[in-house]
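Some notes on the structure that comes next.
Rule-based calculations on the coordinates, nothing more; no lab input. Not measured: the values here are computed from a predicted model. Heads up, the Cβs are rebuilt from the backbone with ideal geometry, glycines too, and the neighbour counts pull from every protein chain shown.
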Amino acid sequence: MRIGIMADTHDNLPLIARAVARMNEEAADLVLHAGDFVSPFVIPALSELDAPLTGVFGNNDGDRRLLARKCTGYENVEIRGAFAHIVADGLAIGMLHGDDDALLEALVDRCGFDVVVHGHTHTAAIRHAGSTLTINPGEVCGYLTGRSTVALLDTATREGRILPL
């Protein structure tokens, strides 16, 4: 299974369109969004994915009720709250935005998940902590680092890759 991962889209519709196109080109079976959608008007753009998208809220997602309500108009987009536990192809994946450093480190250090997905720092990184693979796809928006990136997780090999947009 191929899982696309993105975060920190921050309303940048042209780069969101590129991220969606890249996920579709990579034939992602599932896409995870680790928060900071920001405004509800990004949801229709994300619904262009060929795969379902599961997301969590980030610290810049202001009107969470409106964001969640906007998702109800699209069968393939959902936001679960501040945290999501996803089981995909036998892997336990924990996803949060990552703005609470202590919580993020506790999730990684306790080895309760095969994979922990987060965003917030806008810096792409893949690391191993014991048996836990941690993936931060970086930022789609490109506002802080000047690099627009997403990630792809291959569940068969348990390997992640950072992909430039």
| Just one of Arg69, Arg22 is among the basic types (Lys, Arg) and crowded, with 19+ Cβ neighbours inside 10 Å; which is it? | Arg22
| message | Looking only at the stretch 5-35, how many residues end up being in contact with a His (Cβ under 6 Å, 6 or more places away or on another chain) and part of a loop (DSSP other than H, G, I, E, B)? | response | 3
| task | Mind telling me which of the residues Ile16, Ile43, Ile5, Ile79 ends up being in contact (Cβ under 8 Å) with a residue 40 or more places away in the chain, over 20 Å from Thr123 (Cα atoms) and β-branched (Val, Ile, Thr)? | result | Ile79
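Listed here are the residues, each with its yes/no results for (1) in a strand (DSSP E or B); (2) touching a Ser or Thr at 6+ places or on another chain (Cβ under 8 Å); (3) at positive phi.
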site	(1), (2), (3)
Pro44	no, no, no
Lys70	no, no, no
Leu104	no, no, no
Cys111	no, yes, yes
His120	no, no, yes
| field | Condition broken by Ile93, with the remaining ones in (1) over 22 Å from Arg64 (Cβ atoms); (2) outside any loop (DSSP other than H, G, I, E, B) satisfied | value | (1)
| message | Taking the condition of being at negative phi and surrounded by 15 or more Cβ atoms within 10 Å (Cβ to Cβ), how many residues in the stretch 81-99 meet it? | response | 11
| task | Look through the stretch 128-150, keep the residues that are touching a residue at least 24 places away in the same chain (Cβ under 8 Å) and in a strand (DSSP E or B), and return whichever of them is surrounded by the most Cβ atoms within 10 Å (Cβ to Cβ). | result | Val150
| message | Here's a check for you: in the stretch 87-124, which residue that is touching a residue at least 24 places away in the same chain (Cβ under 8 Å) and β-branched (Val, Ile, Thr) is nearest to Ala7 (Cα to Cα)? | response | Val117
| query | Only one of (1) touching a Leu at 6+ places or on another chain (Cβ under 6 Å); (2) over 21 Å from Ile86 (Cα atoms) fails for Gly160. Which number is that? | reply | (2)
| request: Report, by residue number, each residue of the stretch 69-80 that is over 16 Å from Met6 (Cα atoms) and within 16 Å of the chain's Cα centre (by Cα). | output: Cys71
